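Written below as structure tokens is the structure these notes are about.
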Amino acid sequence: MLPTSLDEAVEALGASPAAVPVAGGTDLMEAVNAGRLRPGALVGLGRITELRGWRYEDGGTAVLGAGLTLARMDRPDFAALIPALADAARTAGPPQTRNVGTLGGNIATAAATGDTLPVLAALEAVVTLARAPRAGESATREVPVSHLLTGIDPMRPGELLTWVRVPLLHAPQVFLKATGRSGPSRATASVALVLDPARRAVRCAVGAVAPVPLRPLEAEAWVAGCVDWDARGEEGAQSIDPAAAAAFGEYVASACVPDGYGADASSALLSEGPTAAAVRLRRTVAVLARRALGRALK
């Protein structure tokens, strides 16, 4: 099925709830080729032009189409709007992947290493899900990205992810990732960090270390109290003690990487501290978190 409008796509999914929407297909076709997915039907979204752009809404919100490609998000006009999301899109893979991979596909697939996901979690983005109208039910509903990814409020059969609403903070935001090799590749760990000066808050999300992005809420609250929000250094930078920045990195790492990370599930409970894999990953996450905070505060 190849609908040319959003209404047609929603109607197609309503008529065949078991069908799977496909845009770029970079993750979906990998799952199909590996035998992990056998869709009964596909609803192609490539002809729906209204989902490929973005718009502004009153209240300082950017509404991003689910069909927005990663390559499009890497362009300067979008990077000026949501820099961390542009950075994540830029590192998401080789050009052939970024040219067809979409924001909505990244969210719907919910791969642990999805680069845009920790950014959306830190920005506290909200997705709009549409379905064919039913008696007594709304045709759309909004769900926080974090609730969708963690399964608190998952997508239902027949629903289509259409829009992603992102609050525009007009404040520094950073995305950093570590990989196992040079060049575009899957993250071993990633960190998205956003400052919210109006609320004097720091928001952080760690990706790739767990099935879903993790928010170290206690570390966020602690480091926000360490930032001198009133002091202004060079070019308006906020001030923080370097020791506090380093401690924040360790705080985030210990909160997001459990002692048993990488251990054999059949082995006995650990009694002598974290595994070697946990120590290595914590070191990586700590460095990413500390650097992200430092760059955001500059």
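The values are calculated or read from the model by the stated rules, or taken from the named source; none is laboratory data. Here the structure is a predicted model, which is why all the values come from computation and not from measurement. As a convention, Cβ positions derive from the backbone with ideal geometry for all residues, glycine included, and neighbour counts pool all protein chains shown. Note: accessible area is taken over every heavy atom of the protein model, side chains too, but ligands, DNA and RNA are not part of it. Shrake-Rupley method; radii C 1.70, N 1.55, O 1.52, S 1.80 Å.
Among the residues of segment 156-167, how many are under 24 Å from Ala88 (Cα atoms) and touching a helix residue (DSSP H, G or I) at 6+ places or on another chain (Cβ under 7 Å)? Break it down stepwise before answering.
Pass one, segment 156-167, residues under 24 Å from Ala88 (Cα atoms): 160-167.
Pick out the ones that are also touching a helix residue (DSSP H, G or I) at 6+ places or on another chain (Cβ under 7 Å) and you get 160-162, 164, 166-167.
Total satisfying the criteria: 6.
For every residue, the table says whether it meets (1) surrounded by 12 or more Cβ atoms within 10 Å (Cβ to Cβ); (2) closer than 15 Å to Val100 by Cβ; (3) in contact with a Ser or Thr (Cβ under 6 Å, 6 or more places away or on another chain).
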residue: Arg38; (1), (2), (3): no, no, no
residue: Gly44; (1), (2), (3): yes, yes, no
residue: Arg47; (1), (2), (3): yes, yes, yes
residue: Leu51; (1), (2), (3): yes, yes, no
residue: Arg55; (1), (2), (3): no, no, no
residue: Val63; (1), (2), (3): yes, no, no
residue: Gly67; (1), (2), (3): yes, yes, yes
residue: Ala71; (1), (2), (3): yes, yes, no
residue: Asp77; (1), (2), (3): no, no, no
Taking segment 197-216 and keeping residues in a strand (DSSP E or B) and open to solvent by 40 Å² or more (accessible area, probe 1.4 Å) leaves Leu214
Here is a list: Ala125, Ala108, Ala86. Which entry is buried (at least 19 other Cβ atoms within 10 Å of the Cβ), modelled with pLDDT of 95 or more and more than 17 Å from Lys177 (Cα to Cα)? Ala125
Those residues of segment 18-31 which are surrounded by 13 or more Cβ atoms within 10 Å (Cβ to Cβ) and touching a Gly at 6+ places or on another chain (Cβ under 9 Å) amount to Ala19, Val20, Pro21, Val22, Ala23, Gly24, Gly25, Thr26, Asp27, Leu28
Condition check for Ser254: of a type outside the set (A, V, I, L, M) and touching a Lys or Arg at 6+ places or on another chain (Cβ under 7 Å): yes
Under 7 Å between Cβ atoms, at least 6 apart or on separate chains: pull out the pairs that start in segment 247-261 with a residue that is in a loop (DSSP other than H, G, I, E, B) and end on any residue that is among the hydrophobic types (A, V, I, L, M, F, W, C) and surrounded by fewer than 17 Cβ atoms within 10 Å (Cβ to Cβ). Asp259/Leu270; Gly260/Leu270; Tyr261/Ala277
Does any residue in segment 40-63 that is small (Gly, Ala, Ser) come within less than 6 Å, Cβ to Cβ, of a residue that is in a loop (DSSP other than H, G, I, E, B) six or more places away or on a different chain, and which pairs are these? Gly40/Ala18; Ala41/Ser16; Ala41/Ala19; Gly44/Leu2; Gly60/Leu168; Ala62/Leu168
Leading residue by the ranking (farthest from Gly114 (Cα to Cα)) among those in segment 177-196 that are at pLDDT 90 or above and surrounded by fewer than 21 Cβ atoms within 10 Å (Cβ to Cβ): Asp196
